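In what follows, a structure is listed as structure tokens, so that the remarks can point back to it.
What follows is calculated from the coordinates using simple rules that are stated; it is not laboratory data. Remember, it's a predicted structure, so these values are computed and weren't measured experimentally. Note that we place each Cβ from the backbone using ideal geometry, even for glycine, and neighbour counts take in every protein chain shown.
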Amino acid sequence: MLNFLPERLKKSVKHEYYARVFLLLLIVICFLMIFSISAIIPTYTYSDSEKDRLANEVSVIDLETLNCTKDNVTCSDPTSQIKSINSLLKVLKDEDRVSISIPLLEILNNKNKSIKISSVKYLGEVSGQYQFSINGLSFDREGLLLFASDLKKDAHLSAINLPISDFVKSADIDFVLTVNVKK
């Protein structure tokens, strides 16, 4: 084969060939990056908005209650509240019962102006009755005593347990009340 091209021109053609291959690879990589970024942006914006929504929901939870131990019934951290609600719903679903909402409404209706209920936690069944823990704040002792006595008068409720240690302060009393609800 006759070769009429000088060596310098051969090197120039070879260099141009490699430059075109490199440019083609660079264009393909840029296209893939643009495609990847355009696929990631909607996912990122959605996850960012969900993060903000969940942060708003979690900000409602009282951060002081997160220091809970496993056996502490006064504990009202978010995970125990969710487990409590799930176990209550499971009991209601398994036994086809919806009558538990009436006594819970009676508990909430018995509260007076000086009582603020922060959570009602389902503790399970004890001797054939539903057991609930009510956490709250009373603005004074008299209001807390009145609330406890009103609950004791209710025929659907039994074994109202209000620890005497809740009466140490005279105002802004954090209380934990355990109530058994008859089936």
Taking other Cβ within 10 Å of each residue's Cβ, how do ASP150, ASP140, ASP172 sort, fewest first?
ASP172, ASP140, ASP150
Built amide H within the under 5 Å cut-off of TYR130, gap 5+
VAL181, LYS183
Selection of chymotrypsin sites (Phe, Trp or Tyr not before Pro), the range 14-59, meeting DSSP coil and at most 11 other Cβ within 10 Å:
none
Once phi is turned into ³J(HN,Hα) by the Karplus curve 6.51 cos²θ - 1.76 cosθ + 1.60 with θ = phi - 60°, what whole-Hz value does each residue of the range 127-142 show in order, with x for glycine and proline?
6, x, 10, 7, 10, 10, 10, 10, 9, x, 9, 10, 6, 7, 5, 4
Using r as the Cβ-Cβ distance of THR45 and GLN129, and R0 as 45 Å, what FRET efficiency do you calculate, to the nearest 0.05?
0.35
